[in-house]
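J.: Once you've had a glance at the structure underneath, I'll fire off some questions.
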Amino acid sequence: MTGTPEESGAVRAGRLLVATPALTDPHFTRTVVLLLQHDADEGALGIVLTRPSGTGVGEVVPSWSGLAAGPAVVFTGGPVQPEAAICLGRVVPGTPAGPAFAPLADAQLGTVDLDAPPTDGLRHVRLFAGYAGWGAGQLEDEVAEGAWWVLDALPGDAFAARPERLWGDVLRRQGLPLAWQATAVADPRLN
């Protein structure tokens, strides 16, 4: 689905947060964050989909490396608890994924318990070190201040083969006027 920021509506789990050019925090510049949890009273938790590291999944959890979506590296999920691991999985439609899989808003996408053995129902996994977190009301304030566009996710966004292009790809599919933002240079001084 696509839509302008005005049409995109509420912040909720399963949506994308796309950093606007106004967001200059180096942890989030030109990032796309998938919201995993959102609660008005407790805050929000998401993972950055656009920051692959140089560490291979096989170096960290060898038993899951065969299911790792390319690039098969650990991603930097955000600045909070960088030692914590969050694994996303995508199931084969119509196939049970087993007890290690906890679906999100999209039943084909969910978190995976890395302590359980891999199951046949999973199509892909992606491993994230750390996460992005916001206290109650903090994310809504950032959205209102123009730091984030809240947009619908497509099923493949969490497993993009070229994560460095995801920010621009998500913006381009929104149509005008938001699609123009995908052509903005990272450093306006270079214009």
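Each reported figure results from applying straightforward, stated rules to the coordinates on display, with no laboratory input. From a predicted model like this one, the values you see are computed outputs, not experimental measurements. Here Cβ is always computed from backbone atoms with ideal geometry, including for glycine, and neighbour counts include all displayed protein chains.
J.: Extension gain Ala13-Asp113, at 0.36 nm per residue separation less the Cα-Cα distance, in nm?
T.: 34.1 nm
J.: Hey, for a label at Asp120 modelled as a point 7 Å past Cα toward Cβ, could you say which residues of the stretch 61-78 have their backbone N under 17 Å away?
T.: Hits in the stretch 61-78 for Asp120 at 17 Å: 67.
J.: How big is the equivalent ellipsoid of the chain along its three axes, where each semi-axis is √(5λ) from the Cα gyration tensor, reported in whole Å from largest to smallest? Before the final figure, lay out each step's value.
T.: Details: eigenvalues 149, 63, 54 Å².
The equivalent ellipsoid of the chain has semi-axes of 27, 18, 16 Å.
J.: At 222 nm, what value in deg cm²/dmol follows for the chain if DSSP H runs of at least 4 each add -39500 (n - 2.57) and the sum is divided by all its residues, to the nearest 500?
T.: So the calculated ellipticity at 222 nm is -2500 deg cm²/dmol.
J.: Given H placed 1.01 Å from N in the peptide plane, which residues other than close sequence neighbours of Ala153 have an amide H under 5 Å from its amide H?
T.: Leu16
J.: Just to be sure I understand: of the beta bridges DSSP finds with both ends in the stretch 5-190, what percent are antiparallel, rounded to 5?
T.: 90 percent
J.: With the contact rule set at Cα under 8 Å and sequence spacing of 6 or more, what percent relative contact order holds for the chain?
T.: Values: 403 pairs, mean separation 55.6, N = 191.
Relative CO of the chain lands at 29 percent.
J.: Each label point is 7 Å from the Cα along the Cα-to-Cβ direction; what then is the distance between the points at Arg173 and Ser53, in nm?
T.: Distance between label points: 2.7 nm.
J.: Where the centre of each part is set by its Cα atoms, how far does the stretch 106-159 sit from the stretch 56-89, in angstrom?
T.: So the two Cα centres are separated by 13 Å.
J.: Follow-up question, since we're still on this one. Leu154 to Ala40: FRET efficiency via 1/(1 + (r/R0)^6), r the Cβ-Cβ distance, R0 22 Å, to the nearest 0.05?
T.: Efficiency, from the Cβ-Cβ distance: 0.30.
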